[in-house]
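Reading through the structure tokens given below for one structure.
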Amino acid sequence: MRRKLSLILALIMSASLALAGCDAKSNNKQKFSSNVVKIGVFEPMTGANAAGGQLEVEGVKLANKLYPTVDGKKVELVFADNKSDKVEAASAASNLVEQQNVNAIIGSWGSGNSMAAGDVVKDAKIPAVGASCTNPLVTAGNDYYFRVCFIDPFQGTVMAKYAANTLKAKKIAILQEVSSDYSVGICKFFSDAFKKLTKNENAIICKENYNTGDQDFTAQLATIKSKNPDAIFAPGNFTECALIIKQARQLGIKTPFIGGDTWETPQFIDIGKEAVEGSVFSTFFATEKPITEESKKFLDAYRKQYKEEPAAVTALAYDAYLVILDAIKRAHSTDPVKIRDQIAKTKNFPGAAGVITIDEDNNAVKDAVLKVVKNGKFTYLQTIKANEK
């Protein structure tokens with residue numbers, strides 16, 4: 001009797017588990033089969049990177065305003081603040097995939113924030129498209145993370161060529177934000193490229209460090225001043241970099257400063273004022289040089305809504321949204337895995353910040369733009385082609 005009872009209980013439990021499994025599969029399908037497509041917007045809305053995050057949020061909101069539906073379904077934006085913090089970034093991404101049931105994610109400004117969310121989106125099989133996160137490690141080994149911008153090996157090389165060929169620099173000082181994955185990464189790529197260009201292993205004569213949030217850089221700058229470099233490469237967060245250049249000028253350092261895409265925020269000029277005049281940096285897009293018909297549509301809509309010129313990262317975030325919508329159209333599905341597969345096949349897509357082709361490493365092959373601060377404005381200098389030798 002006991003054996004029969006045990007057998008009956010076992011059969012009941014097996015049946016219950018099977019039904020639960022069927023329900024789980026059914027619920028999983030139902031999560032993504034409504035008439036609403038949910039796109040998570042994963043950005044730093046507070047903290048040290050908030051100004052950069054807000055620029056990308058503007059781009060996504062504008063794209064959603066112009067393209068509010070896809071395949072007859074309404075597109076709903078779900079915002080998550082990663083608070084400019086890696087631990088918070090993982091938590092914010094988890095909330096988007098586990099609680100909000102998003103179909104895809106856009107973000108984040110700050111490569112470290114994006115990298116912190118990497119395992120979350122990979123394990124959940126939810127595609128994420130970064131707008132301006134340039135560190136190669138964001139997409140490395142992750143089939144579910146993509147980006148619509150170039151990566152730092154290219155950006156670092158572009159700035160090394162500018163230093164060597166245009167500034168005729170022979171010796172460079174580097175000032176890196178050591179707590180930033182972006183800054184450390186691009187400094188390494190710049191350093192390697194500059195040594196190769198100059199054929200001098202000792203061409204980087206000084207490398208000084210600081211942390212995100214620091215405000216006094218006089219010790220580092222005094223060391224750099226004593227080395228008398230031809231140029232100073234200082235890619236980092238806009239606030240700290242503006243303060244660095246301002247303090248350098250106060251110390252009598254007249255050496256040219258060059259940097260990366262993170263400088264292109266209004267706060268860089270607001271804080272640095274006349275001290276940042278002449279500073280040159282690499283970025284993704286210039287409003288003076290519309291590339292596609294979508295560029296013109298984006299520029300017209302942004303100027304009408306915000307009454308000012310957009311930042312390059314705003315155009316990239318706009319493009320990240322469009323790339324996801326294009327993938328949904330081609331997939332004829334809101335299933336995240338099918339969306340992911342179509343994002344990976346993106347070729348020659350005409351975005352606002354240029355034509356987008358996703359390569360085998362989930363990165364976009366894109367040109368770079370050089371800008372200079374002139375008369376208190378970010379001003380176009382030149383375009384560097386991705387395939388330029």
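The values are calculated or read from the model by the stated rules, or taken from the named source; none is laboratory data. Since the model is a prediction, treat every value here as computed from it, not as a measurement. All Cβ positions, glycine included, derive from the backbone under ideal geometry; neighbour counts span all protein chains shown. These area figures cover heavy atoms from the full protein model, side chains too; ligands, DNA and RNA do not enter into them. Shrake-Rupley method; radii C 1.70, N 1.55, O 1.52, S 1.80 Å.
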Original post:
Taking helices (runs of 4 or more DSSP H) that do not extend beyond segment 205-280, which have at least 2 residues that are over 25 Å from Gly47 (Cβ atoms) and open to solvent by 50 Å² or more (accessible area, probe 1.4 Å)?
Top reply: 218-227, 238-250
Subject >> Unmet criterion (only one of (1) farther than 24 Å from Lys347 by Cβ; (2) not in a loop (DSSP other than H, G, I, E, B)) for Ala169 >> reply: (2)
Original post:
Do we have Asp123 as among the charged types (D, E, K, R) and out of contact with any helix residue (DSSP H, G or I) (no Cβ under 6 Å at 6 or more places or on another chain) here?
Top reply: yes
**OP:** Search segment 176-200 for residues that are part of a loop (DSSP other than H, G, I, E, B) and pair each with any residue that is surrounded by fewer than 23 Cβ atoms within 10 Å (Cβ to Cβ) and of a type outside the set (Asp, Glu) when their beta-carbon atoms are under 8 Å apart and the residues are at least 6 apart or on different chains.
**Re:** Val178/Val184; Val178/Asn209; Val178/Asn211; Ser179/Asn211; Ser179/Thr212; Ser180/Thr212; Asn200/Lys170
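Residues are listed down the side, and each one gets a yes or a no for (1) touching a residue at least 40 places away in the same chain (Cβ under 8 Å); (2) of a type in the set (D, E, K, R); (3) more than 18 Å from Leu316 (Cα to Cα); (4) open to solvent by less than 30 Å² (accessible area, probe 1.4 Å):
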residue	(1), (2), (3), (4)
Asp81	no, yes, yes, no
Lys86	no, yes, yes, no
Glu98	no, yes, yes, no
Ala128	yes, no, no, yes
Asn142	yes, no, yes, yes
**OP:** Starting from residues that are among the small types (Gly, Ala, Ser) and more than 19 Å from Ala344 (Cα to Cα), keep the ones in segment 100-116 and report whichever is surrounded by the fewest Cβ atoms within 10 Å (Cβ to Cβ).
**Re:** Ala116
**OP:** For Ile258, state whether it is touching a Ser or Thr at 6+ places or on another chain (Cβ under 9 Å) and either farther than 10 Å from Val373 by Cβ or at pLDDT 95 or above (or both).
**Re:** yes
**OP:** Quick one: count up the residues across segment 154-183 that are surrounded by 20 or more Cβ atoms within 10 Å (Cβ to Cβ) and in contact with a strand residue (DSSP E or B) (Cβ under 7 Å, 6 or more places away or on another chain).
**Re:** 14
Subject >> Hey, Ala315 at pLDDT 95 or above, open to solvent by less than 10 Å² (accessible area, probe 1.4 Å), outside any strand (DSSP E or B) and closer than 24 Å to Ala386 by Cβ or not >> reply: yes
Original post:
Within segment 232-253, is there a residue that is farther than 28 Å from Ser191 by Cα and touching a Ser or Thr at 6+ places or on another chain (Cβ under 9 Å)?
Top reply: no
Subject >> Complete set of residues in segment 243-265 that are without any contact (Cβ under 8 Å) to a residue 60 or more places away in the chain, closer than 30 Å to Asp85 by Cβ and over 20 Å from the mean Cα position of the chain (by Cα) >> reply: Leu243, Ile245, Lys246, Gln247, Ala248, Phe257
Subject >> Subset tally (residues that are of a type in the set (Lys, Arg) and in a helix (DSSP H, G or I)) for segment 318-351 >> reply: 4
